[in-house]
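No value in this document is a laboratory result; all are computed from the given coordinates. What you are looking at is a predicted structure, and each value in this text was computed from that prediction instead of being measured. Here the Cβ positions follow ideal geometry from the backbone for every residue, glycine too, while neighbour counts run over all protein chains shown.
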Amino acid sequence: MKEKLTAIFQKSPFGYIGFVEELPGANTQGATLEETRINLIEAVQLVLEANRQLFEEELKGLEIIKEDLGAITA
């Protein structure tokens, strides 16, 4: 089974709020559900990129092995 992310959408007085259950920090909002879905994909990409940058700084100067983990399956 391939690991999946779960998008949660909540109606608000101003449109919709969206977040990813498994990825804290990946959240957004939009006027419509479709806009919120598109924004949420971008939010996930931004959170992953920010995490990569943070860890690159923390690992700078350390001897590490870095490799592609690939798709997560169980």
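Descriptive notes on the structure:
- Inverting the pair-averaged 1/r between distinct Cα atoms of region 7-59 gives 11.5 Å as its Kirkwood hydrodynamic radius.
- Check: the chain dipole with +1 on Lys, Arg Cβ and -1 on Asp, Glu Cβ, in debye: 300
- Ordering Ala71, Thr32, Asn51 by the projection of their Cα atoms onto the charge dipole of the chain, which places +1 on the Cβ of Lys and Arg and -1 on the Cβ of Asp and Glu, puts Thr32 at the extreme positive end.
- Fully extended contour minus Cα-Cα distance, from Lys66 to Gln53, at 0.36 nm per residue: 3.3 nm
- Segments 21-28, 65-72 sorted - mean Cβ within 10 Å per residue, highest first: 21-28, 65-72
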